[in-house]
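I have placed the structure first, in the form of structure tokens, so that the comments after it can refer back to it.
Laboratory data are not the source of any read-out in this text; all were calculated from the coordinates shown. What you see is a predicted model, and the numbers here were worked out from it, not measured in a lab. So basically every Cβ, Gly included, is an ideal-geometry build from the backbone, and we count neighbours across all protein chains shown.
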Amino acid sequence: MPGAIRLSELKVGAIINTSSGGCDLDSEQKMINILNAAGIVGSRAWCGGAKEIDRSFAEAAEQQLQVLIVLGGDGTIRTAAEACAKKGTYLIPLPGGTMNMLPRALYGETSWEEALRNALAAPSAKILSAGRIVNKHFFIAAIVGAPALWAEPREALREGDIVDAIEKGSVAFQHMFETKVQYLISEEIKGEAEAMALICPLISQEMSNWEQALEAAVIDVESAAEVIGLASTAAFGKWRDDRNILLTKTKRVDVQSSNDIPAMLDGETVNLGRRAEIDFVSRAVNVIVPAK
């Protein structure tokens, strides 16, 4: 499926989550105008807040779309990517939230309008690999362990909600020293750490896109300040000079803990329970990017 494609010949739909913070009800008409200008007519759009998002995905699934455009936050985009992976649908994930991890990796630092125009101007299919954990996929990175809990207070601060940030930060700080993660990569590489990070080839600084593995980073921090720093930079690979980081490549990791294990999958915080298996998926989803 990789290579140039003709979007005007495919059935296109769009889901817009206005609760994500980076778009609003006017975004639907803006998107339709951009699609029409690119020669894509008759597309269907679902636009609404968080309460409507499940219904939007359900209705979109009934339409047998060949291309799904999603404008929303990291959680909405990851949900869309999983849906597209199951159906073989092309995905165009647009930055409509705060972290925008997958859109940034695919389209760079740009507005959703510009990212969409660029993708439509010279559309090319790209197959993404992924990680899979508890039947959920991640396409950028997973942070497993207490540092994942710092994602929400960080976003609350970014949005100016100081009270919410303090409350969530207190919970994260408490769990930081309660939850140790036991990991097993191989008989030679196993142990216990504050956290692990699993990096997909799409953004790894050490791997090419064709490599069939996840990059695993075992994080053993010595202070709360280091944990907070890792939570904000880990997914983008800026930790490599840290003395407390062990890096390796693997197709599978087993993790367990005496407490529930928090994790951040492509910017979305989830609970993994007390034990989980993390696997590499070589062909996960087809995305549309500008041809190089």
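For the reader, a short list of remarks on this structure follows.
- Spin-label pair ARG44-GLN212: with each label point 7 Å from Cα along the Cα-Cβ axis, the two points sit 3.7 nm from one another.
- The distance between label points at ARG252 and GLU187 comes to 1.5 nm (points 7 Å beyond Cα on the Cα→Cβ vector).
- Among the listed pairs LYS11/LYS87; LYS30/LYS126; LYS30/LYS86; LYS87/LYS136, those with a Cα-Cα distance over 21 Å are LYS30/LYS126; LYS30/LYS86.
- Under-5 Å amide H pairs with VAL134, H placed in peptide plane, nonlocal only: GLU277
- In this structure, LEU10 and LYS30 have a Cβ-Cβ separation that, at R0 = 25 Å, corresponds to a calculated FRET efficiency of about 0.75.
- Nonlocal amide H pairs with SER43, under 5 Å, H built at 1.01 Å: none
- Normalised contact order of region 1-56, rounded percent, pairs of Cα under 8 Å and 6 or more residues apart: 45
- Backbone HN-Hα couplings from phi across region 99-109 [Karplus 6.51/-1.76/1.60, Hz, Gly and Pro as x]: 7, 6, 5, 5, x, 5, 5, 8, 10, x, 7
- The stretch between LYS87 and SER282, if pulled fully straight at 0.36 nm per residue, gains 68.6 nm over its current Cα-Cα span.
- Pairwise label distance in nanometres, ALA122 with ASP54, each label 7 Å out on the Cα-Cβ vector: 4.3
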